Amino acid sequence: MPIEAVLFDADGVLQQRPRGWKDALGERLGFRGNPDDFLADVYDVETPMLDGRADFTEVLATLLSRWHCRVTLEEALRVWTMLDVDAEITETVRTLRRSGVACHLASNQEGHKTVPVPLHLCTDGLVLPAGAGASHRRRTARRRRLAAAYRGD
């Protein structure tokens, strides 16, 4: 049976953060403190964003205020969407599409982060679990709880 379609994961496959992105967060967003702590705050509140229950811009605006950042929401969104696209994988997508294989892009991230991906390369479709009210992270957390219960933790 021939392959008719391929689903590519956006984050970590087609796109990555530029080198040094995390370490420069404080300078770029205008806050003092550990960038790991800022990111931990983002990740703590991201589940409602990932499954479509919350809007990323509202959550980010709140975090910018909490961290006393000196940038506007628009500037912070530009920093948040700084992504490098993997040229080799991009060429693989082009090759597959030229041969008639449908190529779809999937991301468990909020819509703002998926914007920089060259969607013209994956025009056959875009899958965002938030649009369906789902998130693999919730499933992963559930699996961890079940495993802990099984082990008796």
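Every read-out reported here was derived from the displayed coordinates using simple, explicitly stated rules and does not represent laboratory data. Quick caveat, the model's predicted, so the values are computed rather than measured. Note that we place each Cβ from the backbone using ideal geometry, even for glycine, and neighbour counts take in every protein chain shown.
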Taking 7 Å along the Cα-to-C-beta vector as the label spot, tell me the ARG17-ALA102 distance in nanometres, rounded to one decimal. 3.4
Rounded to the nearest 0.05, what FRET efficiency do ARG94 and GLU74 have when you use their Cβ-Cβ distance and R0 = 30 Å? 0.40
Kindly state, to the nearest 0.05, the FRET efficiency for ARG32 paired with ARG53, given R0 = 30 Å and r defined as their beta-carbon distance. 0.45
Anisotropy class of region 8-80 from Cα gyration tensor, a/c 1.5 cut: oblate
Charge dipole (region 4-61, unit charges on Cβ, about Cα centre) - positive-most of ALA10, PHE38, ALA24: ALA24
